[in-house]
Structure formats: structure tokens, C-alpha cells
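Enquirer: Before I ask anything, here is the structure I am working with.
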Amino acid sequence: MSRIQLALNVDDLDAAVAFYSTFFGTEPAKRRPGYANFAIEEPPLKLVLIEGGGEPGTINHLGVEVFSTAAVADASARLQDAGLMTDVEHETTCCYAVQDKVWVSGPDGSRWEVYTVLADASDEDSLGCAPGSCTTAVADDASTPVGATPASSCC
């Protein structure tokens, strides 16, 4: 099983959390300064709210949350086999979680990630995690084609 991730830029996190809590009938699964995410069961959706990450009301990035590193590796291989440029990250800490992920860009430049959460990360480990500032513990340079672009944001 997997679910679509939609990461939105917001200018008022408290107002956004109040609205989406009411709209989806659930509270955030995780809330940190400038960040909240909802793990919505129906419809299957990971909604991420990023305060100050860009123009309010715009998409920060898109993704598919999967539930194993093997599923990330399968997606990476499938995307690379199709000729798409990928950016693979292993054990990257961002958005208050340790994750394995692969990034691709759509034809319009929209950034998509396929990712799995390996562990929760402390606030101290995630400080400075904002669009363009994710850090990667182990890079998989061999699987990243020449010309691949780094992740522009994370979650």
C-alpha cells in the first residue's frame, strides 16, 4: 500500500492546521515549529504543511509515501529504466524524519519523491530543514545519472 503526498506552502500554520483538521476530520500525525503532517486514511493522503516554504497556497512538492526501502529501490530502478533523471537519498534527515527516497522532476519542473520513513528524528536533528536544505547521510552516486538535480525540498 502507498499514499500520495501533497506538501503545501502556508503562511499561517495554526490556521492551516485548524482548517485541514476540520476538513479531513483528523488531527496532525506530527507537528513541529513551522511544520505539520496529516496521515489521512480516507482518502489515502499524506498532507504536509510547510510554513514559510514558498508562496502561500502553492505546492511545495509532491510524492508517494511507500512503506519499505525495497519499494523505494523498486521505484528508483523503474524510473531510471524509463530514462528519467533521479536523485537518490539514503538515510536523509528532513522534516523531522529519517528517510530513504528518490526524486524526479515532472515535465513542468514539479518535484516528486517516492519515500519511506525509517525513523522519527528529533527537533535538533531536523533544525534548518527547509526547501533546499536537506542533508544526505549516504549518497548513492552510482545510481544518479549525470545531470540529475538535487532535491529542492523534503518531507
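Enquirer: Only one of these conditions is not met by Pro43: (1) within 14 Å of Leu6 (Cα to Cα); (2) in contact with a Cys (Cβ under 8 Å, 6 or more places away or on another chain). Which number is it?
Expert: So the condition that Pro43 fails would be (2).
Enquirer: Can you tell me which residue within segment 64-95, out of those that are surrounded by 15 or more Cβ atoms within 10 Å (Cβ to Cβ) and polar (S, T, N, Q), is farthest from Glu27 (Cα to Cα)?
Expert: Gln80
Enquirer: For Thr149, state whether it is touching a Cys at 6+ places or on another chain (Cβ under 8 Å), open to solvent by 40 Å² or more (accessible area, probe 1.4 Å) and at pLDDT below 60. Spell out the reasoning first.
Expert: Numbers: touching a Cys at 6+ places or on another chain (Cβ under 8 Å): no; open to solvent by 40 Å² or more (accessible area, probe 1.4 Å): yes; at pLDDT below 60: yes.
Taking the combined requirement at face value, the residue does not satisfy it.
The values are calculated or read from the model by the stated rules, or taken from the named source; none is laboratory data. In this text the structure is predicted, and so the values were computed from the model without any measurement. Because the Cβ atoms are built from the backbone with ideal geometry, glycine has one as well, and the counts that use them run over all protein chains shown. Side chains are part of the model used for accessible areas, which takes the heavy atoms of the whole protein and leaves out ligands, DNA and RNA. Shrake-Rupley method; radii C 1.70, N 1.55, O 1.52, S 1.80 Å.
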